[in-house]
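Data block below; observations after.
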Amino acid sequence: MPTIVVDVMPKAELLDPQGKAVAGALSRLGESRFSDVRIGKRFELTVDGEVDEATLARARELADEMLSNAVIEDVVNIEVVE
């Protein structure tokens, strides 16, 4: 069964407290190669049947209306994986 994967991230201009906490922990562990961490969400929508343009369009609508908060988050990727 195909799966539609939706990735949601905090808007770039907003503070990401979870990401800052992880970045601080990496720094304390001596990991200096990573300068910033942002934490988002991944949704996997399993599709019964084929993924056509209408199904993908509906997934985009759901991502914008229900899976993300448009005030503080951006839908950054929607893809179909088999």
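The values are calculated or read from the model by the stated rules, or taken from the named source; none is laboratory data. Worth saying up front: this structure is predicted, and the values here are computed from it rather than measured. No Cβ is skipped: glycine too gets one built from the backbone with ideal geometry, and neighbour counts run over all protein chains shown. Surface accessibility is based on the protein's heavy atoms, side chains included, excluding ligands, DNA and RNA. Shrake-Rupley method; radii C 1.70, N 1.55, O 1.52, S 1.80 Å.
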Taking Pro10 as meeting all but one of (1) of a type outside the set (Ser, Thr, Tyr); (2) modelled with pLDDT of 95 or more; (3) open to solvent by 60 Å² or more (accessible area, probe 1.4 Å), write down the number of the exception.
(3)
Return the residues of the stretch 38-51 that are open to solvent by 80 Å² or more (accessible area, probe 1.4 Å) and over 26 Å from Asp16 (Cα atoms); say none if nothing qualifies.
Thr46, Asp48, Glu50
Give the residue that is farthest from Leu15 (Cα to Cα), with candidates limited to residues of the stretch 52-82 that are in contact (Cβ under 8 Å) with a residue 12 or more places away in the chain, part of a loop (DSSP other than H, G, I, E, B) and open to solvent by 40 Å² or more (accessible area, probe 1.4 Å).
Glu82
Under 7 Å between Cβ atoms, which residue pairs at least 6 apart in sequence (or on different chains) link something in the stretch 13-24 that is loosely packed, with under 14 Cβ neighbours inside 10 Å with a partner that is modelled with pLDDT of 95 or more and not in a helix (DSSP H, G or I)?
Leu14/Ile72; Gln18/Ile39
